[in-house]
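Reading through the structure tokens given below for one structure.
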Amino acid sequence: MLDIAVDLLWLRPRKVGGTEFYIRNLLDGFLRLKEPFHLFLMVSEDNRETFVHYAKDERIDLLETKVRSANIAGRILWQFFCQNRFLRKHGIRKCFTPVYCRTLFNGGITYVNVIHDLQAAHYPEYHPFHEIAYSKLCWWLDVHCSAHLIAISNWVKEDIMKRYRLRPGRITAIYNPITVDREQTVAFETLSTKYKIEKKEYYYTVSQMIPHKNLETLLAVMEEIKKGETNLPCKLLISGVNGAGREALRQKILDRGLENEVVLTGFVENEERNTLYENCRAFLFPSVFEGFGMPPVEAMLFGAVVIATDRTCVPEVTQGKANYVTDPYDVKEWIRVMQNPADRIAEVDFGVYDQMKLTGKYYRVLCSVLGEK
């Protein structure tokens, strides 16, 4: 019997990118499991409502705290110094944390953590000092204090093992479960009017506005296409960029004179995103660093040809079936690949991302470490 807490205090709805989709897909998988379990979802004041529906299942209870996830510093301090006492007070001795965040000491609690990547170690120039220091502290604690680690790709597993000299038996690689409903779409005509696009006459990408996502290269690509020396569509839609990042990217678009060629959709609901996947000329993924990278896989599930970099885990996760750019910053190479991309969707084994198969792997690993002996 698996009887554990699941730490969700780190989740700020619509603010943490792919990790939010990952954990919600995993929890949805648990709802469909037939094996016995009892989960206490440890939630904050400002993310509680987004998890209430899970408590309709008698195997899941909400464990409410006074923490506010939006107050990142306050949340970290509470986890460092109060979380263990809070769990013990509720009779809980085992906790699954689906990210790298954790307490300073175990305090009588057995932890299993997921590490999605070591990005701040590879690209410290993209992070403020305090963020790097916190990440490195938590990774060290994960490696030395957690009972077991889970990595979201084999690339991440090897990266952790190499950097921390971790024994293979202490870490398991499990892909992120990916669920898309191919019937969950909207009429393309609606989006055609909204964004001034035609089927197969635009490119699409989903990204955050952070440096390693390399969106500026795509702007340079569109600027080159606009010169009219290629027969490629001169239209790019970018979803997912919000807040200060959106304004910064909008200014870069204006500076390049691409306000009619590049559209920022902001956050879009699944129905709209899926339709944009389905009808694009190609899905572009210029990121130079990923621990997994769900968007290109989602795009492939909707039949989109994917053009991506060959960095980090991207070739692994896309099974070598995308079209790859070897120099992520080379505009001419991007255009060359975009002119004649191969469609290898029929060769992709989508079963490796199956929600229930991967939820089963999580269940077995968590049972082996946190289950009743």
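The values are calculated or read from the model by the stated rules, or taken from the named source; none is laboratory data. This one's a predicted model, so the numbers in the text were calculated from it and none came from an experiment. Heads up, the Cβs are rebuilt from the backbone with ideal geometry, glycines too, and the neighbour counts pull from every protein chain shown. Note: areas computed on protein heavy atoms with side chains; ligands, DNA, RNA excluded. Shrake-Rupley method; radii C 1.70, N 1.55, O 1.52, S 1.80 Å.
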Pairs, first within 17 Å of residue 118 (Cα to Cα) in the range 162-183, second hydroxyl-bearing (Ser, Thr, Tyr) and open to solvent by less than 40 Å² (accessible area, probe 1.4 Å), C-beta under 7 Å, six or more apart | 173/153; 174/362; 175/153; 175/353; 176/22
The correct count of residues that are more than 22 Å from residue 21 (Cα to Cα) and surrounded by fewer than 20 Cβ atoms within 10 Å (Cβ to Cβ) in the range 306-322 is 3
Checking 12, 88, 75 in turn, the sole residue that is charged (D, E, K, R), closer than 22 Å to residue 103 by Cα and not in a helix (DSSP H, G or I) turns out to be 12
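Of all the residues that make up the range 228-249, how many are within 22 Å of residue 16 (Cβ to Cβ) and open to solvent by 40 Å² or more (accessible area, probe 1.4 Å)? Show your work before the answer.
So in the range 228-249, the residues within 22 Å of residue 16 (Cβ to Cβ) come out as 238-249.
Then drop every residue that is not open to solvent by 40 Å² or more (accessible area, probe 1.4 Å), which leaves 242-244, 246-248.
Of the residues in that region, 6 qualify.
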So, first residue open to solvent by 70 Å² or more (accessible area, probe 1.4 Å) and modelled with pLDDT of 95 or more in the range 356-373, second residue of a type in the set (S, T, N, Q) and not in a helix (DSSP H, G or I), Cβ within less than 9 Å, six or more apart or across chains; the pairs are 361/172
Qualifying residues in the range 244-290 (those that are of a type in the set (Gly, Ala, Ser) and farther than 17 Å from residue 324 by Cα) - the one modelled with the lowest pLDDT | 244
Give 28, 7 a once-over and let me know the one that is of a type outside the set (Phe, Trp, Tyr) and within 21 Å of residue 108 (Cβ to Cβ).
-> 7
Scan the range 15-32 and give yes if some residue there is open to solvent by less than 40 Å² (accessible area, probe 1.4 Å), more than 20 Å from residue 359 (Cα to Cα), touching a helix residue (DSSP H, G or I) at 6+ places or on another chain (Cβ under 8 Å) and not in a helix (DSSP H, G or I), otherwise no.
-> no
Selection from the range 170-226 of residues touching a helix residue (DSSP H, G or I) at 6+ places or on another chain (Cβ under 7 Å) and on the phi > 0 side of the Ramachandran plot yields 200
